[in-house]
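Participant: Provided herewith is a single structure, encoded as structure tokens, for subsequent inquiry.
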Amino acid sequence: MTNNKYVLDWINEMAEMTRPDNIIWIDGTEEQAEALRAEACATGEMIKLNQDLLPGCYLHRTAVNDVARVEARTFICTPTKEEAGNINNWMAPEEMYAKLKKLYTGSMKGRTMYVIPYSMSIVGSPFAKYGIELTDSIYVVLNMLIMTRVGTDVLEALGDSADYIKGLHAKADLDENNRYITHFPQDNTIMSVNSGYGGNVLLGKKCFALRIASYLGRKEGWMAEHMLILGVTYPNGEKKYLTAAFPSACGKTNLAMLIPPKFYTEQGYKVECIGDDIAWLRVGEDGRLWAVNPENGFFGVAPGTNAQSNPNALASTMRDTIFTNVCHNLDNNTVWWEGLDNDPPKNALNWRGEVWDYTKYDKNDKVGTSGAHPNSRFTAMATNCPCLSEAYYKPEGVPVSAIVFGGRRAKTAPLVYQSTSWQHGAFVGSIMASETTAAAAGAVGVVRRDPMAMRPFVGYDMGEYFGHWLKMGTTIPNPPKIFHVNWFRTDADGHFIWPGFGDNMRVLAWILDRCEGKVGATMSPIGYLPLPEDICTEGLEGIDTETIRDLLSVDVDSWLEDVQNIRDFYAQIGDSVPATMHAELDALEARLLAAK
Ligand code: OXD
Ligand code: MN
């Protein structure tokens, strides 16, 4: 399919090491994909679901020990430890290559190696970057066909160039003690072994579009961020775009596809999705920051997705979707997950493939008793999404008016606040924190600092990454305004106060109005806060301006505690944290103390 010597030599080298029985090039045709689906069903790797109810849909189960990204086994292998920084795991490239070589050698014997040429963002566009993933998993091939743009046109666009990201994935024997997700930014190389879970093996996503791309972005003067992109159309037809960064499984997909409350739709407001997970951002010739979604599909969290929380995501999963680790309803050969509806299937297999008794469900032991794994997923084409924006197809992307950071905080962060400048906004991003979710292995519900929602995804030193944010601010003549939101504040009984989902539009409307200078704000120690009456509560049951006032309150003592925690975190990152960030932190502390 190509004469590119760099590509062919590398594939030969990898095949000599892994020794597959066959090598098959993926050409992006439906015919080939269909043959692979049939093969996966014949071997049990996938289950064909009810084609009347879910046309083109399949179910896959990963190994029970392989259900989330594994941060402890994810490595950035730069020549020096300093380049990877203290937050990333690091191993010297030669040491990691040697370790991996042992694990890969002969690992594809009796298997087929698939060669997937893919593009992140539209082939031939100014944002496009190309990759080739070699894998021994049909599940990976079929997911990559949804999540990225795959085919011979990628090889044509690459031509004779050596400028592509090499990715090698081998399932090997799924041994979790020898599972490695490794990145060699200087070599444009990603190597993943002993896993079959999406975030670890769909190498275009976290590995390339965030870790390697963030490294390239710093080198080349652009940004790769863990952000959704959405567009708001106003009643007069005007369109505004914003990006938003939230840690994994904090509702990015829901926000990206939100349906505004009636009060807004009746006036003619519309929200459209451009991306739900990753944004690549560049300074445009007009001096604004422009964003594209480099992906081609959604790898969304299934549990909690329903006709109320996210009808657009649910509709996206109704055809040509691969479900991973959800519950299998044997009565009608469809799928189910917790939070889909109140009607769990009575005759079903759980995410492990065992007979499932829904009456034993215990929300304190979801992994043990749920039908679907808490991190079960759907992989669906972006074009399935009813609210996909036309701007999704624009190679130049969209101009960004606002960047929104957010976390899952029960108490400290207010519903929304605005930073006072790009620099202060970058600081606000750097101090982001959230209660952990099931998207990564480890304890759930523990507060951890997650700068810009990029803690697991920066392909170099975190302090340098802060520096890159600050530097970008000096290169954008007309930068977006930066905000922070928190949908997750709870009352004394632990219930969420803010309704979230579609009603988040009320906060987005305030944010965009601020960008236009249409509404005022009050200054607080942490930044600009809305005047409570400027957050529209029309049609909201049980929430009035008084509740908004509460949601916007800033508890100085808990912020001062947070300041201490941030200091510790900055210290953990080390000397590379820019002095500007320390100065912002000192200034925040001084303002809080003055307000006490
Ligand atoms: C994801 C994640 O899958 O952030 O998007 O874990
Ligand atoms: Mn993500």
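Participant: Between Asp568 and Asn22, what is the spin-label point distance in nm, taking each point 7 Å from the Cα along the Cα→C-beta axis?
Facilitator: 5.6 nm
Participant: Okay, next question. Please tell me the relative contact order of the chain in percent, rounded to the nearest whole number, where contacts are Cα pairs under 8 Å and at least six residues apart.
Facilitator: Once normalised by length, the contact order is 15 percent.
Participant: When the accessible area of segment 501-553 is computed with all protein chains present and a 1.4 Å probe, what percentage of it is carbon and sulfur?
Facilitator: Taking all protein chains in place, segment 501-553 shows 45 percent carbon and sulfur surface.
Participant: Then there is this: Non-local amide H neighbours of Phe405 (under 5 Å, H modeled in plane, Pro and chain starts lacking H): which ones?
Facilitator: Excluding prolines and chain starts, which carry no amide H, the hits are Ala245, Phe483, His484, Val485.
Participant: Residues with amide H under 5 Å of Thr148's amide H, sequence separation 5 or more or different chain, H placed in the peptide plane at 1.01 Å from N; which?
Facilitator: Sorted by chain and number, the residues that satisfy this are Asn296.
Participant: Evaluate E = 1/(1 + (r/R0)^6) for Ala595 and Thr475, where r is the Cβ-Cβ distance and R0 equals 51 Å; express this FRET efficiency to the nearest 0.05.
Facilitator: My answer for the efficiency is 0.90.
Participant: Hey, another quick one. Can you give the relative contact order of segment 298-382 as a percent, counting alpha carbon pairs under 8 Å and 6+ residues apart?
Facilitator: Rounded, it is 42 percent for segment 298-382.
Participant: Would you kindly state how much longer the chain becomes between Lys219 and Gln51 on full extension, computed as 0.36 nm times their sequence separation minus their alpha carbon distance, in nm to one decimal?
Facilitator: Between Lys219 and Gln51, full extension yields an extra 55.8 nm.
Participant: Can you tell me how much longer the chain between Phe496 and Asp163 gets when fully stretched, taken as 0.36 nm per residue apart minus their C-alpha distance, in nm with one decimal?
Facilitator: Answer, rounded to one decimal: 115.1 nm.
Participant: Something else about it: Compute the accessible area per residue over the chain, keeping the other protein chains in place, probe 1.4 Å, unit Å².
Facilitator: 37 Å²
Participant: Can I ask one more? Any chance you could give the angle, 0 to 90 degrees and rounded to 10, that helix 138-147 forms with the longest Cα principal axis of the chain?
Facilitator: Tilt relative to the chain: about 40 degrees.
Participant: Now for a separate question. How large is the helix-only mean residue ellipticity at 222 nm for the chain, computed as the sum of -39500 (n - 2.57) over DSSP H runs with n ≥ 4, divided by its residue count, in deg cm²/dmol to the nearest 500?
Facilitator: Rounded to the nearest 500, it is -8000 deg cm²/dmol.
Participant: Karplus couplings for segment 526-543 from phi (6.51 cos²θ - 1.76 cosθ + 1.60, θ = phi - 60°), rounded to Hz, Gly and Pro as x?
Facilitator: These are the phi-based 3J(HN,Hα) values: 9, x, 6, 10, x, 6, x, 6, 7, 8, 5, 10, 3, x, 9, 7, x, 10 Hz.
Participant: Then there is this: Could you tell me, in Å, what Rg and Dmax come out for the Cα atoms of segment 20-136?
Facilitator: Cα radius of gyration and Dmax of segment 20-136 are 18.6, 55 Å respectively.
Participant: Compute the angle between helix 5-18 and the longest alpha-carbon principal axis of the chain, please, reported from 0 to 90 degrees and rounded to the nearest 10.
Facilitator: Helix 5-18 and the main axis of the chain meet at about 70 degrees.
Participant: In segment 107-193, what % of DSSP beta bridges are antiparallel (nearest 5)?
Facilitator: 60 percent
Participant: Now a separate question. Which percentage, to the nearest 5, of the DSSP beta bridges contained in the chain is antiparallel?
Facilitator: Bridges in the chain are about 65 percent antiparallel.
Participant: Still on this structure: Please list, in chain and number order, the residues 5+ apart from Val283 or on another chain whose amide H is under 5 Å from its amide H, with Hs placed from the backbone.
Facilitator: Sorted by chain and number, the residues that satisfy this are Trp290.
Participant: Moving to a separate point now. At 0.36 nm per residue, minus the direct Cα-Cα distance, what do Glu541 and Glu285 gain on full extension? Give it in nm, one decimal, please.
Facilitator: 87.6 nm
Participant: While we're on this one: Rounded to the nearest 0.05, what FRET efficiency is calculated for Asp362 and Asp187 with R0 set to 30 Å and r the Cβ-Cβ distance?
Facilitator: Result of the calculation: an efficiency of 0.05.
Participant: While we're here: Pop out the ³J(HN,Hα) list for segment 97-110 in order, Karplus 6.51 cos²θ - 1.76 cosθ + 1.60 with θ = phi - 60°, rounded to Hz; leave Gly and Pro as x.
Facilitator: 4, 5, 4, 5, 4, 4, 6, 7, 4, x, 5, 9, 4, x
Participant: Given a Förster radius of 30 Å and the C-beta distance between Arg352 and Ala307 as r, what FRET efficiency does 1/(1 + (r/R0)^6) yield to the nearest 0.05?
Facilitator: E between Arg352 and Ala307, to the nearest 0.05, is 0.65.
Participant: Let me ask something else about it. Would you mind checking segment 126-149 for residues with the amide N under 14 Å from a putative spin-label position 7 Å along Cα→C-beta of Thr383?
Facilitator: Within reach of a label on Thr383, which here means backbone N under 14 Å from a point 7 Å along Cα→Cβ, segment 126-149 contributes 145-149.
Participant: Same structure, new question: Going 7 Å from the Cα of Thr233 toward and past its Cβ, which residues in segment 307-330 have a backbone nitrogen under 17 Å from where you end up?
Facilitator: 312
Participant: Another question about this same structure. If I take the Cα coordinates of the chain and project them onto the principal axes, what are the three extents in Å, biggest first?
Facilitator: Taking the Cα atoms of the chain, the three principal extents are 69, 55, 45 Å.
Participant: Can you give me the relative contact order of segment 258-411 as a percent, contacts being Cα pairs under 8 Å and 6 or more apart?
Facilitator: This gives 29 percent for segment 258-411.
Participant: Extending each Cα 7 Å along its Cβ direction at Lys102 and Asp555, get the distance between those two points in nm, one decimal.
Facilitator: Reported label-point gap for Lys102 and Asp555 is 5.0 nm.
The values are calculated or read from the model by the stated rules, or taken from the named source; none is laboratory data. Since the model is a prediction, treat every value here as computed from it, not as a measurement. In this analysis, Cβ positions are derived from the backbone assuming ideal geometry, glycine residues included, and neighbour counts consider all displayed protein chains. Side chains are part of the model used for accessible areas, which takes the heavy atoms of the whole protein and leaves out ligands, DNA and RNA. Shrake-Rupley method; radii C 1.70, N 1.55, O 1.52, S 1.80 Å.
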